[in-house]
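Written out below as structure tokens is the structure these notes cover.
The values are calculated or read from the model by the stated rules, or taken from the named source; none is laboratory data. Since the model is a prediction, treat every value here as computed from it, not as a measurement. Please note: Cβ atoms are built from the backbone with ideal geometry, for glycine as well, and neighbour counts cover all protein chains shown. When the accessible area is computed, the model is the full protein with side chains, heavy atoms only, and any ligands, DNA or RNA have been set aside. Shrake-Rupley method; radii C 1.70, N 1.55, O 1.52, S 1.80 Å.
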There are 2 protein chains.
Amino acid sequence: MSQPDDVPTPPWERPRKRQAPARIPLTRERIVDAAFVVLDREGLDKLSMRQVAAELGVAVSALYAHVEGKDELFELMYARLFDHAELPDPDPDNWQEQIKDYARAGRQRLLRHRDMARISMAHAPFTADLLPHVEKLFAVLRAGGLPDKVMAIAGDLLSTYMEGFTLEESMWQERLNDASWKQVGAEIRDYFSSLPPERFPNMVALADLLVGESNDYRFELGLDIILRGLATYAEEDPGKSSRDRRHERE
Amino acid sequence: MSQPDDVPTPPWERPRKRQAPARIPLTRERIVDAAFVVLDREGLDKLSMRQVAAELGVAVSALYAHVEGKDELFELMYARLFDHAELPDPDPDNWQEQIKDYARAGRQRLLRHRDMARISMAHAPFTADLLPHVEKLFAVLRAGGLPDKVMAIAGDLLSTYMEGFTLEESMWQERLNDASWKQVGAEIRDYFSSLPPERFPNMVALADLLVGESNDYRFELGLDIILRGLATYAEEDPGKSSRDRRHERE
DNA sequence: TCCATTGGTGAACAGTGTTCAGAAGAAACT
DNA sequence: AGTTTCTTCTGAACACTGTTCACCAATGGA
């Protein structure tokens, strides 16, 4: 959002009057909104308190009356991502797909804003306001009939994969910037193909696959590997055959 | 402090005036060394070019004659981690354990220096000097009989898990400062246990497991899940069966 | 009308990464 | 020796950063 009137006021009409009688009060919401505008336009490295203040047409110090500092601003931005995210109720017959949806939704959230994966990585491991999401993820995992100890690590594993994959994905895009993914992919593929085959036989052979046709496909395959691994634990438990899994809901 | 060659310099050769603290020339190596000293003592947030220069007793601008900037310094620090790391030759009968060792070694590398996981995350996806490591990882995966498509994503998956897990692990430690892991773990466990059970039944039930007895154990379990998932692809068929094709998109 | 409270201002502080004209030092040549 | 050349390091500056704080404008209540 650009300022409507950025025309420099001539020196002769300098009554000490404020321009807008309808001064919209500054709120946390508006600050976070402005931060997202700056983030999407300039990127994380250029996202400074001063830029956010400028976006709002306000002095830097005004922000500190509403927000504790830059760290809290990041916290608020991160929380904003989960505003309209709801997980479905656990369905024991469909738990694997539900888990995948959880990861897919997380990735899409991070891709919605530029550099959001980096912000997500810097985020604290757990914050109170998104505990409900983790809880519901566990509910789905429980419906899958997984042993407790596996459930406990599965959440981390899935989140870590989703965040890490998306971070890498967006770093590629940022680095070779503003090129479409097709071009980026071709560039990377060409690089791998050009390596000396005697020293890097596997990388040359896999060049086409290392950067798949689409990131979506690569992401799905990784998800599949994890889900298959989890499933082995579900089937392994003698008391809980796959047919009886629907009774596991509690 | 002895001279490299202790043969007395013949008098007809140019006599060295300066024998006292001979000015050790600044090199990339010494700069990286100093950077690690500052990093371990002060943490990543306090690691600035000026701090590194001060550690060396030198002006800031002197660094820029040897190092392109802070980004390249981070690059050099990251590369340093791989200096004495060698992967074993692929052993088809033991590929799963070899893969695990790869991940374990990576985690240990990152834990060796404070905040190193964060630096690793900011690192570019691929840099030329550690291509040999990736190549050898692929060699081991190939020895496991994995399909090409799975191999191509497995590298990412493993690295992502290893880096993400270690990052989270070290962020916990940094946040609850200077406490031993036993205390940190107890604190987290108590927090999860204290949640309202009607809203968070799973988290309360899993409180003990969410922060395992040791991080080592949790890391191993996650590795096991991934390896089991990979193994399902290896067992399917060495020669591209129909089940394999199920994941191909035409 | 005066007063008090709130929210925004502008300047300042202590940092940051990076650049660049020039000083210091060692080596080489005359 | 003296002089020049070349490299390395210095000091000061620039344009930023997050954050704080004394002040000031505007509003609501008495």
Out-of-range pairs (alpha-carbon distance over 28 Å; input A:Lys46/B:Lys182; A:Lys100/A:Lys182; A:Lys70/B:Lys182):
A:Lys46/B:Lys182; A:Lys70/B:Lys182
For A:Lys70, label point 7 Å along C-beta direction: distances to other copies, nm:
0.9
Between B:Val58 and the same site in the other copies, what are the distances in nm, shortest first, taking label points 7 Å from Cα along the C-beta direction?
4.6
Given labels modelled 7 Å from the Cα in the Cβ direction, how far is it in nm from B:Ala65 to B:Ala122?
2.6 nm
Hey, could you pull the Cα Rg and Dmax for region A:92-248, both in Å?
18.6, 56
For B:Val37, which inter-copy label distances result when the label point lies 7 Å beyond Cα on the Cα-to-Cβ vector, reported in nm to one decimal and in ascending order?
4.8
Using a 1.4 Å probe on protein heavy atoms only, how many Å² of accessible area do A and B hide from each other, summed over both chains and rounded to 100?
5500 Å²
